[in-house]
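A.B. asks: Here it is, the structure in full.
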Amino acid sequence: MERNGPGGAPRAALLLGLGIAFQPLALLGVAPVLARLTWRAATRLLWRLVLPSLVVLVLPLVAETHRTLFVLVRQPFQPRSISFTPLTHVAPAIGPDLAGGGPTRLVAIVLAATLAVLVCHRRHDLPTVLAVTAIVFFLRVLLETELNWYYLWPVPALCLVLSARRSTTRFALCAAALVVSMVLGDRRVHQIVLWWPALMATLVAMLFSVGPSPRRWVARVSGRREGTGPAGPVECDVMVPVAAVLHRE
Amino acid sequence: MKRISAWAEERTPPVAATIAMLVGVMAYSLLGHLVVHTGGSGLVAPGDLLSMANSTWAILHGQFSHIYVRNGALTSPPAFEVLLVPVMALGQQVGLAPHLHAAGVPLSMWLVLGPSAVIVASSALFALDAVARHWQLPERRRLALALWAGSASPTPSAAGGTPRTASPSPSSSGPR
């Protein structure tokens, strides 16, 4: 869509649909990518998002409808096998030694889609779309009821490419935060008082590595508050529109 | 052939990172038990992947009611499992691990499963590199990006992070 504009939307929607069939987390990328379209145009693409998943789900749905729907909707996990998060106790018990991660994931998807539409409907250049996608993946991690390190991966991956574009220093900062997050994250932790905030801090550091410098951030947000506003959009300064959206709400 | 080599040449950074991932993941999974105490022997591989391989096995043998199993790792639509069907079929044809549920570690099947998983995971590196190429980033920075993203990608992380000795039983797998 970066190259072809809205004309590339059908292909992008099909690719997103394929991604969803492999890993429904790809849903988080739908709103940032398609937000530039009108509601009507986006609705017309809906079948492309759904079709690949339906194709691979037909057989298990026919053979074992109840279990298939149970797994897809409830997203069961075994708390003893994973790292806890502050929300682990919120996950509903859905069986012996089994909790459901579905509800908070649904909340994350709704919040992420709302934020992405608010930002990307007007600003849909590639750096903005990727940065918003990184932020919504971060939101998802924040709202998880269970944690394996690889849940974090989309955030560093997107931040690495965005920071590589800005400068070597930013890339190095992002890479360093990634190393710390890998060291912290590659283990199963149930005492999370220090561990979880530290892990989230590494993600925040990665996100900061792709945003404007702290001084510019403060200047821009305070400028908006005083009604003067920034002179014009600066590519990749997506944290500023996100902050503005949050401030407005 | 020329087309393939031109394609690969244009994408040298993710190709190099994929090869590095392949070597690293396979070496660690086969030899990792020598350096990491996993409570078992033989194969250090992500339990999630082996659980998904069981779902693939069910698809391959027409046991569609066993694609989603209790305590299985699969909680998404089974596209990855469908993609692995030809790989498992090939493995079965050449006599690798006759059945994942058989006693012992499915070491031989891992020889095709592991590389397949790495190659599927590497598609994300190619996507990142496509963005980097679009932005005309220098080759060295693209290589650094691919290597860093590859080193942190889910496959090596799952194989080399929280080590789980491979177990053929689906119930031993962790959740996703």
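A.B. asks: Any idea which residue in region B:1-32 is surrounded by the fewest Cβ atoms within 10 Å (Cβ to Cβ), counting only those that are β-branched (Val, Ile, Thr) and in contact with a Gly (Cβ under 8 Å, 6 or more places away or on another chain)?
C.D. replies: Only one residue tops the list, namely B:Thr18.
A.B. asks: So, in region A:120-173, exactly how many residues are closer than 20 Å to A:Gly185 by Cα and of a type outside the set (Val, Ile, Thr)?
C.D. replies: 24
A.B. asks: Can you pull out every residue in region B:50-73 that is within 7 Å of another protein chain (Cβ to nearest Cβ) and either assigned to a loop (DSSP other than H, G, I, E, B) or within 15 Å of A:Pro76 (Cα to Cα) (or both)?
C.D. replies: B:Ile67, B:Tyr68, B:Asn71
A.B. asks: Among the residues in region A:1-18, are any in contact with a Gly (Cβ under 7 Å, 6 or more places away or on another chain) and either over 24 Å from A:Tyr151 (Cβ atoms) or not in a helix (DSSP H, G or I) (or both)?
C.D. replies: Yes, region A:1-18 contains at least one residue that is in contact with a Gly (Cβ under 7 Å, 6 or more places away or on another chain) and either over 24 Å from A:Tyr151 (Cβ atoms) or not in a helix (DSSP H, G or I) (or both).
A.B. asks: Quick one: how many residues across region A:166-181 are surrounded by fewer than 22 Cβ atoms within 10 Å (Cβ to Cβ) and within 8 Å of chain B (Cβ to nearest Cβ)?
C.D. replies: Residues meeting the conditions: 1.
A.B. asks: Okay, moving on. Considering region A:6-20 alone, what residues qualify as being under 24 Å from A:Ala134 (Cβ atoms), free of Cβ contacts under 8 Å to residues at least 24 places away in the same chain and more than 10 Å from every other protein chain (Cβ to nearest Cβ)?
C.D. replies: A:Gly8, A:Arg11, A:Ala12
A.B. asks: Just to confirm my filter: which helices (runs of 4 or more DSSP H) fall fully inside region A:21-134 and include at least 1 residues that are of a type in the set (A, V, I, L, M), within 14 Å of chain B (Cβ to nearest Cβ) and crowded, with 17+ Cβ neighbours inside 10 Å? Step through it out loud before you land on a result.
C.D. replies: Values: elements: A:27-34, A:39-44, A:46-63, A:65-74, A:102-120.
Because the criterion is at least 1 residues that are of a type in the set (A, V, I, L, M), within 14 Å of chain B (Cβ to nearest Cβ) and crowded, with 17+ Cβ neighbours inside 10 Å, the helices (runs of 4 or more DSSP H) in region A:21-134 that meet it are A:27-34, A:46-63, A:65-74, A:102-120.
A.B. asks: Can you tell me which residue among A:Ala112, A:Ala93 is under 13 Å from the mean Cα position of the chain (by Cα) and at pLDDT below 95? Show your work before the answer.
C.D. replies: Working: A:Ala93 fails: under 13 Å from the mean Cα position of the chain (by Cα).
Result of the check over A:Ala112, A:Ala93: A:Ala112.
A.B. asks: Residues that are at pLDDT 85 or above, at least 2 per element: which helices (runs of 4 or more DSSP H) completely within region A:139-232 meet that?
C.D. replies: A:154-166, A:168-185, A:195-208
The values are calculated or read from the model by the stated rules, or taken from the named source; none is laboratory data. Computed from a prediction, not measured in an experiment: that's the story for all the values here. Every residue, glycine as well, gets a Cβ built from its backbone with ideal geometry; the counts of neighbours run over all protein chains shown.
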